[in-house]
Amino acid sequence: IYTSTGEVYGNNCSPFNEEMIPDPVSPYSSTKLMAEELIRTFCKTSNINYTIFRLFNFYGGDMPEHFFISQMVNTLLRKENFKMTAGEQVRDFIHINDLTDALMKSVCRNELYNDIFNLCSGKNITIKEIANMIVKIVGTDAEIDAENLPYRENEIMEMLGNPDKLRSKM
């Protein structure tokens, strides 16, 4: 089992499905796609089964602070304003418990062998909407300082996955 990333789809039109031709836009997504190909080639030539999951944005407790949601929560809990972009990016978030449950259920599932699956919620939300929800949950006087940061040069503005292929097999 290999965990890749939904970022390999790049700027394809979302929702992303596994039949799309990948279009990575960063070194991270390029190396993930290269690893997918290495795994597929090695496993085919070695007669070994594999399953590749393309993970989308995940969240949950005890996430490292460099993840967007935990960075925001920790900043607001310190009663500091959180600087971010205008937040127009659309993302597909999946809770870490749902992600790990799916990974655990996939072990030794023949119907998942030798294939690629999106591991996502299939639901879209903007970064700005997430930020507003977090401010309400944290209940702080600190604020979201939107439009303070520019978008990354290679920003994927809409990253929504289609989970139907995996759901049909599990």
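The values are calculated or read from the model by the stated rules, or taken from the named source; none is laboratory data. Worth saying up front: this structure is predicted, and the values here are computed from it rather than measured. With ideal geometry, Cβ positions are generated from the backbone for all residues, glycine too; neighbour counts draw on all protein chains shown. Ligands, DNA and RNA are stripped out before the accessible areas are found, and what is left, the full protein with its side chains, is counted by its heavy atoms. Shrake-Rupley method; radii C 1.70, N 1.55, O 1.52, S 1.80 Å.
Mind checking which residues of the stretch 1-30 are open to solvent by 80 Å² or more (accessible area, probe 1.4 Å) and of a type in the set (S, T, N, Q)? Asn11 - this is the single residue of the stretch 1-30 that is open to solvent by 80 Å² or more (accessible area, probe 1.4 Å) and of a type in the set (S, T, N, Q). Cβ separations smaller than 9 Å between residues 6+ apart or across chains give the following pairs from the stretch 145-159 residues that are more than 19 Å from Thr75 (Cβ to Cβ) and open to solvent by 80 Å² or more (accessible area, probe 1.4 Å) to residues that are part of a strand (DSSP E or B) and modelled with pLDDT of 90 or more: Glu158/Val90; Glu158/Arg91.
Of everything in the stretch 50-84, what is surrounded by fewer than 15 Cβ atoms within 10 Å (Cβ to Cβ) and in contact with a helix residue (DSSP H, G or I) (Cβ under 7 Å, 6 or more places away or on another chain)? Give them in sequence order. Scanning the stretch 50-84 gives Pro64, Glu65, Leu77. From (1) open to solvent by less than 70 Å² (accessible area, probe 1.4 Å); (2) farther than 20 Å from Arg54 by Cβ, pick out the condition that doesn't hold for Asn132. Only one criterion in (1) open to solvent by less than 70 Å² (accessible area, probe 1.4 Å); (2) farther than 20 Å from Arg54 by Cβ is unmet by Asn132, namely (1). Every condition in (1) open to solvent by less than 20 Å² (accessible area, probe 1.4 Å); (2) not in a loop (DSSP other than H, G, I, E, B) holds for Gly87 except the one numbered (2). Taking the stretch 4-54 as the range and being of a type in the set (Val, Ile, Thr), assigned to a helix (DSSP H, G or I) and either over 21 Å from Met104 (Cα atoms) or free of Cβ contacts under 8 Å to residues at least 24 places away in the same chain (or both) as the test, the residues that pass are Val8, Thr31, Thr41, Thr45. Filtering the stretch 90-126 to residues that are part of a loop (DSSP other than H, G, I, E, B) and surrounded by 15 or more Cβ atoms within 10 Å (Cβ to Cβ) leaves Asp92, Cys120, Ser121, Gly122, Asn124. Return yes or no: is Ser70 touching a Pro at 6+ places or on another chain (Cβ under 8 Å) and assigned to a loop (DSSP other than H, G, I, E, B)? No: the conditions fail for Ser70.
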